[in-house]
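The values are calculated or read from the model by the stated rules, or taken from the named source; none is laboratory data. None of these values were measured; they are calculated from a predicted model. Quick reminder, even Gly has a Cβ in these numbers, built from the backbone with ideal geometry, and neighbours come from all protein chains shown.
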Amino acid sequence: MQEKIKSRKRPDGNGNFSIFSGLVHCADCGKTLTVRYNSQRRKLFSCLTYNRYGKTHCSSHSIFYDQLYDAVLKDIQDCAALALADEDAAVAALCQKFSESGTDFMVSAKLSAAEKRKQELDTMMDRLYQDWMGGRLNENNFNRMLTNTQSEQETLDRQIAKYREMLSETSKKQVNIQHWVEMVRRYAGIQELDAQVLNELVSNIVVHNPELIDGELVQNVDIHYTFEVETSLMVSRPKKAS
């Protein structure tokens with residue numbers, strides 16, 4: 001764990017190390033957001049590509065350091081509190097969120113339909129052979145129907161394999177969620193973040209460009225936790241970072 005934390009540390013322009021080093025990335029170009037200071041000496045994150053090459057290559061994706069800190073801390077506090085109060089409910093809530101985004105219910109329905117159709121074709125093949133052997137179907141029609149049926153069977157076999165793989169990934173995701181909930185519940189009551197906490201719980205933080213909604217400047221922040229658990233936050237930006 002110590003080696004992992006050390007490898008992420010990079011000093012800012014003032015020689016200070018950020019607990020978020022290596023974790024915060026731009027939603028558009030994928031580069032890291034680096035720590036800077038605006039004209040009021042307020043600490044903020046800004047896209048590395050924008051800082052180096054200007055707005056023709058990317059926008060700033062700026063977010064105040066304290067706003068990101070507070071948003072991540074509160075999300076961890078909320079997750080940990082739910083996990084401590086009711087671990088099963090926390091797992092169910094995250095699994096439901098993943099189920100909605102991954103549409104595994106639809107995948108399961110498609111798998112059932114494909115398997116049912118495959119069974120029908122298997123029965124049809126048996127009848128085709130019996131009709132051909134019994135003289136009720138000539139050879140030309142038998143070969144034509146055989147080719148069409150076999151082609152559909154091969155397509156269904158590929159679909160069934162793909163749907164089963166997708167559902168297998170869903171099962172793995174649910175196991176990961178269980179592990180993550182067991183881990184995050186240890187942080188119930190956490191009052192501050194440090195590099196060790198972030199490196200244990202968080203894999204990546206993606207910051208989207210601010211947008212004006214109903215007169216308020218807001219931006220989405222996606223937190224990619226360890227064990228492939230994800231949450232999405234909306235951070236208010238009443239003041240402009242420059």
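Give me the residue from region 117-147 that is in a loop (DSSP other than H, G, I, E, B) and of a type outside the set (G, A, S) and, out of that set, surrounded by the most Cβ atoms within 10 Å (Cβ to Cβ). So, considering only residues that are in a loop (DSSP other than H, G, I, E, B) and of a type outside the set (G, A, S), the one surrounded by the most Cβ atoms within 10 Å (Cβ to Cβ) is L137. Taking the criterion of being surrounded by 14 or more Cβ atoms within 10 Å (Cβ to Cβ), part of a loop (DSSP other than H, G, I, E, B) and at pLDDT 85 or above, would at least one residue in region 195-209 satisfy it? Checked against the condition, which is being surrounded by 14 or more Cβ atoms within 10 Å (Cβ to Cβ), part of a loop (DSSP other than H, G, I, E, B) and at pLDDT 85 or above, region 195-209 yields at least one hit. Selection of region 170-194 for residues being exposed (fewer than 13 other Cβ atoms within 10 Å of the Cβ) and closer than 22 Å to A109 by Cβ yields S171, K172. It is to be established whether one or more residues within region 138-152 are among the β-branched types (V, I, T), within 19 Å of E87 (Cβ to Cβ) and not assigned by TED's automatic domain parsing to the domain that holds V202. No. The listed residues are Y187, Y225, and the only one of them that is modelled with pLDDT of 85 or more, touching a strand residue (DSSP E or B) at 6+ places or on another chain (Cβ under 9 Å), among the aromatic types (F, W, Y) and outside the structural domain of A114 (by TED's automatic domain parsing) turns out to be Y225. One residue stands out among those in region 46-72 that are over 18 Å from L193 (Cβ atoms) and in contact (Cβ under 8 Å) with a residue 60 or more places away in the chain: the one that is surrounded by the fewest Cβ atoms within 10 Å (Cβ to Cβ), which is S59. Filtered by the rule that a residue be without any contact (Cβ under 8 Å) to a residue 60 or more places away in the chain and not basic (K, R), region 20-45 gives G22, C29, G30, T32, T34, V35, Y37, Q40. With the condition kept exactly as written, say whether any residue in region 74-89 is part of a helix (DSSP H, G or I) and in contact with a strand residue (DSSP E or B) (Cβ under 7 Å, 6 or more places away or on another chain). Yes; the residues of region 74-89 include at least one that is part of a helix (DSSP H, G or I) and in contact with a strand residue (DSSP E or B) (Cβ under 7 Å, 6 or more places away or on another chain). Filtering region 13-34 to residues that are at pLDDT below 85 and not in a strand (DSSP E or B) leaves G13, N14, G15, N16, S18.
Within region 210-222, take every residue that is more than 30 Å from Q178 (Cα to Cα) and β-branched (V, I, T) and give me the one that is modelled with the highest pLDDT. Here the answer is V218.
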